[in-house]
Amino acid sequence: MILLTFNIANIESEPKKGIQISNDERLKITESNTKSLLRLLEIHDVKASFFIEISIVENFQNLIKAISSKGYEIAFYNKNSSLQKIEEAKKLTENFLEKQVRGIRQKDFKHSQESLKLLEFNYVSNIDNANILFPFKRLKRDTEINEENGLSIVPESISPYSQLPYNDFVFQILPMKYYQNMVFETLKNEDFVLIYLNSWQFTDFERYQFDIPFYRKLFSGKKMEDKLDALLTFVNEKELATSRMKDYIF
């Protein structure tokens, strides 16, 4: 099973010297990138989960409704929000969607599993930092979903062959043919492959002058769209099953 997920969040990087990019512009960039993702998923009829960053939930109510109405899962991505802010975002979203938000993802700032269970989340999908050295730091990890304190804990996936994780950076830099083979071979030995990408990776950095590392600009924007299109084509050609996180776990 392929669990394809997207982290929907504004670009954190500062603009280049002398360039001004307002918060409203950042929101528009995120919305545009997300709509590009939706278009590709619809073309290929592939299921996916969208993890919306807590601080932008209120700004993106209409977009979140559109994502949910197309049959994709809505979950949360917590960067550094308090439990109170998470609870407020959860209540707001469940109110206008009229359905439960079951999942949450965290990276640098992690609340305890007990706290998240009290907020009535059903699963946690935590991720690590992905930078140019990241693939070489951790070569072994648990790849099975475990239950702790009433929560399903979903680990990041890692290829048993290349020992590369299926994070956003690896997807961006690897040749697509190699990545496709990695996915196909992993599914022969593992029950699922969890893939996650960030909406900001689909930004046109020639148009929007953010000060980001050179290796993060590689294959971004339209090239990322082309890579995702190639992956989704591969998924359908090989008749590989895809699922929303909540459906697979429960």
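Nothing in this text is a laboratory measurement; each read-out follows from the coordinates by a stated rule. Fair warning: this is a prediction, and the values are worked out from it, not measured in the lab. All Cβ positions, even for glycine, are placed from backbone atoms using ideal geometry, and neighbour counts span all protein chains on display.
Looking at this model, which pairs from Lys90/Lys246; Lys85/Lys110; Lys47/Lys246; Lys91/Lys117; Lys47/Lys91 are more than 18 angstrom apart at the alpha-carbon?
Values: Lys90/Lys246 16 Å; Lys85/Lys110 14 Å; Lys47/Lys246 11 Å; Lys91/Lys117 15 Å; Lys47/Lys91 25 Å.
Table pairs above 18 Å Cα-Cα are Lys47/Lys91.
Quick check: residue separation of Asp108 and Gln209 times 0.36 nm, minus the Cα distance between them. What number comes out in nm? Walk me through the numbers before you get to the answer.
Details: separation 101, 0.36 × 101 = 36.36 nm, distance 2.55 nm.
Taking Asp108 through Gln209 to full extension adds about 33.8 nm, to one decimal.
Work through the residues other than Glu14 whose Cβ is under 12 Å from its Cβ and net out their charges, Lys, Arg +1 and Asp, Glu -1. Each step should come with its number before you reach the end.
Numbers: positive: Lys16, Lys17, Arg26; negative: Glu12, Asp211.
Residues near Glu14 contribute +1 overall.
Step through the residues of region 197-213 one at a time and calculate ³J(HN,Hα) from phi using the Karplus curve (6.51 cos²θ - 1.76 cosθ + 1.60, θ = phi - 60°), rounding each to whole Hz and writing x for Gly and Pro.
Once θ is set to phi - 60°, the couplings for region 197-213 become 10, 10, 4, 5, 5, 9, 7, 7, 7, 7, 7, 9, 8, 8, 8, 10, x Hz.
Compute the length gained on full extension between Ser22 and Glu144: take 0.36 nm times their separation in residues and subtract their Cα-Cα distance, giving the result in nm to one decimal. Mind showing how you got there, number by number?
Working: separation 122, 0.36 × 122 = 43.92 nm, distance 4.17 nm.
Full-extension gain reported as 39.8 nm.
Once you've got the GNM for the chain with C-alpha springs shorter than 10 Å, pick whichever of Tyr123, Tyr161, Tyr208 has the biggest mean-square fluctuation.
Tyr161
Among residues other than Asn149 whose Cβ falls under 9 Å from its Cβ, what is the net charge (Lys/Arg +1, Asp/Glu -1)?
Summing Lys and Arg as +1 and Asp and Glu as -1 gives -2.
Of all DSSP beta bridges located in region 2-249, what percent are antiparallel, nearest 5? Display every interim value, and only then the final one.
Details: 5 of 28 bridges.
If we restrict to bridges inside region 2-249, about 20 percent are antiparallel.
With θ set to phi - 60° and the Karplus curve 6.51 cos²θ - 1.76 cosθ + 1.60, what are the ³J(HN,Hα) couplings of region 42-53 in order, to the nearest whole Hz, using x for Gly and Pro?
For region 42-53, the Karplus-derived couplings read 5, 4, 9, 6, 10, 7, 7, 10, 10, 9, 8, 5 Hz, x marking Gly and Pro.
Once phi is turned into θ = phi - 60°, what whole-Hz ³J(HN,Hα) does the Karplus curve with 6.51, -1.76 and 1.60 give for every residue of region 143-151, x standing for Gly and Pro?
These are the phi-based 3J(HN,Hα) values: 10, 10, 6, 10, 10, 9, 6, x, 10 Hz.
By its C-alpha gyration tensor, with a ≥ b ≥ c as the square roots of the eigenvalues, how is region 62-116 shaped: rounded for a/c under 1.5, else prolate for a/b larger than b/c, else oblate? Walk me through the numbers on the way to the answer.
Details: a/c = 2.23, a/b = 1.83, b/c = 1.22.
Prolate, since a/c reaches 1.5 and a/b exceeds b/c.
Find how much the distance from Leu92 to Asp191 grows on full extension, using 0.36 nm per residue of separation minus their present alpha carbon separation; answer in nm with one decimal. Could you put the intermediate results ahead of the total?
Working: separation 99, 0.36 × 99 = 35.64 nm, distance 3.41 nm.
Length difference between fully extended and current span is 32.2 nm.
Going through region 181-246, which trypsin sites (Lys or Arg not before Pro) have at most 15 other Cβ atoms within 10 Å and a DSSP loop state? Could you put the intermediate results ahead of the total?
Details: sites: Lys188, Arg207, Arg216, Lys217, Lys222, Lys223, Lys227, Lys238, Arg244, Lys246; in loops: Lys188, Arg207, Lys238, Arg244.
Passing sites in region 181-246 are Lys188, Arg207, Lys238.
Please give the FRET efficiency for Leu218 paired with Lys79, using the beta carbon to beta carbon distance and R0 = 22 Å, rounded to the nearest 0.05. Could you put the intermediate results ahead of the total?
Details: r = 24 Å, r/R0 = 1.08.
For Leu218 and Lys79, the calculated efficiency is 0.40.
For region 182-234, which GluC sites (Glu not before Pro) are both in a DSSP coil and crowded by at most 12 other Cβ atoms within 10 Å?
Details: sites: Glu185, Glu190, Glu206, Glu225; in loops: Glu190, Glu206.
Answer by residue number: Glu206.
Would you kindly give the portion of the calculated P(r) for region 180-219 that falls above 12 Å, as a percent of all Cα pairs? Working shown, then result.
Values: 537 of 780 pairs.
The proportion of pairs with Cα distances above 12 Å equals 69 percent.
Shape verdict for region 2-249, please, from the Cα gyration tensor: rounded (a/c under 1.5), prolate (a/b greater than b/c) or oblate.
On the way: a/c = 1.34, a/b = 1.02, b/c = 1.31.
Taking the square roots of the gyration eigenvalues as a ≥ b ≥ c, region 2-249 is rounded.
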